[in-house]
Structures are given as structure tokens and as C-alpha cells.
1. For residues that are of a type in the set (S, T, N, Q) and in contact (Cβ under 8 Å) with a residue 24 or more places away in the chain, tally how many sit in region 93-117.
2. With respect to the numbered conditions (1) polar (S, T, N, Q); (2) without any contact (Cβ under 8 Å) to a residue 12 or more places away in the chain; (3) surrounded by 20 or more Cβ atoms within 10 Å (Cβ to Cβ), which one is the sole condition not fulfilled by Asn30?
3. Can you confirm whether region 132-153 contains a residue that is in contact (Cβ under 8 Å) with a residue 12 or more places away in the chain, surrounded by 24 or more Cβ atoms within 10 Å (Cβ to Cβ) and over 28 Å from Met23 (Cα atoms)?
4. Given the condition within 19 Å of Asp164 (Cα to Cα), more than 16 Å from ligand 3 (Cβ to nearest atom), in a loop (DSSP other than H, G, I, E, B) and not basic (Lys, Arg), answer yes or no: does some residue in region 77-100 qualify?
5. Where residues in region 46-65 are assigned to a loop (DSSP other than H, G, I, E, B) and touching a residue at least 60 places away in the same chain (Cβ under 8 Å), which of them is surrounded by the fewest Cβ atoms within 10 Å (Cβ to Cβ)?
6. If you take the residues in region 78-91 that are under 16 Å from Asp138 (Cβ atoms) and more than 9 Å from ligand 1 (Cβ to nearest atom), which one is surrounded by the fewest Cβ atoms within 10 Å (Cβ to Cβ)?
7. Check Val216, Val172 and return the single one that is crowded, with 19+ Cβ neighbours inside 10 Å and outside any loop (DSSP other than H, G, I, E, B).
8. Please go through region 153-169 and pick out each residue that is closer than 17 Å to Thr120 by Cβ and assigned to a helix (DSSP H, G or I).
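Values in this text are rule-based calculations from the coordinates and carry no lab data. Everything quoted here is computed from the prediction, not taken from an experiment. Note: ideal-geometry Cβ built from the backbone for every residue, glycine included; neighbour counts use all protein chains shown.
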Amino acid sequence: MKDLWKKVDDHFAEKFQQDDEVMKNVLEANEEAGLPKIDVSPNQGRFLSLLAKLANARTILEIGTLGGYSTIWFGRALPDDGRLITLEFNPKHAEVARKNIDMAGLSPKIEVIEGAALDTLPTLKDRGFAEFDLIFIDADKDAYPDYFKWAMAYAKPGTIIIGDNVVRGGRVLDADDEMGTAVRTFTDLMADDPRIDATVLQTVGGKGYDGFAIGVVN
Ligand code: SAH
Ligand code: DHB
Ligand code: MG
């Protein structure tokens, strides 16, 4: 089944993303730098970018940058005066991401903030960001429950909150799995919070079987 998921995923990536040299270069630069291949897939990147456009997002917060692949998809959805803040713990990842963002021509709109997200999240207000239109959570899975609380703190009515990797091949249901338990706690928080209207969308493709939690703040 996994081979078929990948075949179909590749088919649509080819159809909808012909000649996307920038994204190809980003993935090449990531590989050259030895970054793990845990970015969102091309079709998922496009999907996230479409969500940002649907929401007319002008301010975006991303937790977990890696080489900036998802960052650039979001950056492309921003209007001229749009801003994106992305948080990254690993200095090498942050450096690769900054170069990729520059190559994509998006440096004026995007800032990579280095450090552990739980340390840098409290500083965003002082940097002039009181709220965001869209928040994408994609860093260390154990901290997802904390990231949800921070996302709500930086949300306003209409803010979209998205969590990546909440299914993890079904590990979300495994009580003995630490990562599964963390993402389950995260999705439970989203499900139980009356301030947000949310769901989980399962996905299959070249990156296996996973899913996005997606919610809109009331
Ligand atoms: N959003 C990226 C993938 C992110 S992978 C994409 O789809 O292209 C997860 C990233 O989170 C890694 O680069 C990892 O270094 C970073 N990370 C892990 N723990 C973190 C923390 N505590 N604070 C900030 N970033 C963290
Ligand atoms: C992992 C992290 C991710 O953000 C992802 O999309 C896939 C895998 C991981 O840490 O294994
Ligand atoms: Mg992810």
C-alpha cells in the first residue's frame, strides 16, 4: 500500500508543482547539509500554503523550522506586508533555513528565531507580535501540549492552529508510546477546548501515514 501512496503522491506533486526550481533547490540544500528528511511533503506544503491563503493570513507563526521547506510554502502565501516568524532550536538547521529563505526571495518577510521554542515563545510579544493569523506546530512532539497552550495565547478569533504529525502511523492510539501519548494529549486538548473548533485529517503519501490537526479559534 505504501508504494501506491507514494506513486499517487508523486503523480500529483509532478502535476501541480512542475518546474518549481526553488523548492527543488531547498530540498537539495537540505540533503547536502545532512538535514533529516522530515519536512512536509510537496503536496502537503501546497495544502498548507492554500490554507494560509484561504485565511488571508498576514501573520504566521511556525514552531519547528528545519531547513525552511514548510516555512517557504507559508511565506509564498503571504501578502506583500505579511510576516512570518519561525522558531528553531538547532543552529545548523536555522542557518540552512536562512539561506534557503534568502534563495526563495522571502527574507524580507520571514524571521528565523534561534532557541528552544518554549524559551523564545514568551519573547514574541516584546518583538511586536501579540497575535497571529495562522500557527503551525511542527517541532518536538513531547512539547505539543505546551505548544497548544502558547498557540492559544497568541491566537484571536479566526486564527488557524495546525499541528503536524498527530497520527504517526497510528501511534497516536498507543498508550505505551511516549510520542504517541504526547500527540494524543495535544489532540485531546484541541478536542476539549471550547475556544477552538477543530478536527484531525489523516494523510497518506510519500511520507507514510500521518495527519494534521486543524482548528479555527472561535
Ligand atoms: N516544519 C519543517 C519540519 C520541522 S522538523 C518542515 O516541514 O519543513 C522539526 C524541527 O523542530 C527540527 O528542525 C528540530 O530541530 C526543531 N526542534 C526540535 N525541538 C525544538 C525546540 N524545543 N524548539 C524549537 N525547535 C525545535
Ligand atoms: C519527525 C518530525 C516531523 O516534524 C515530521 O514531519 C516527521 C517526523 C520526527 O521527529 O521523527
Ligand atoms: Mg512534521
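1. Taking region 93-117 as the starting set, the residues that turn out to be of a type in the set (S, T, N, Q) are 100, 107.
Checking the rest, the ones that are also in contact (Cβ under 8 Å) with a residue 24 or more places away in the chain come to 100.
Residues that pass the stated criteria total 1.
2. (2)
3. Scanning region 132-153, I find at least one residue that is in contact (Cβ under 8 Å) with a residue 12 or more places away in the chain, surrounded by 24 or more Cβ atoms within 10 Å (Cβ to Cβ) and over 28 Å from Met23 (Cα atoms), so the answer is yes.
4. no
5. Asn56
6. Selected residue: Ile85.
7. Unique residue meeting the criteria: Val172.
8. If we filter region 153-169 for residues that are closer than 17 Å to Thr120 by Cβ, which is where we start, we get 153-154.
If the condition is that a residue be closer than 17 Å to Thr120 by Cβ and assigned to a helix (DSSP H, G or I), then Ala153 is the only one that fits.
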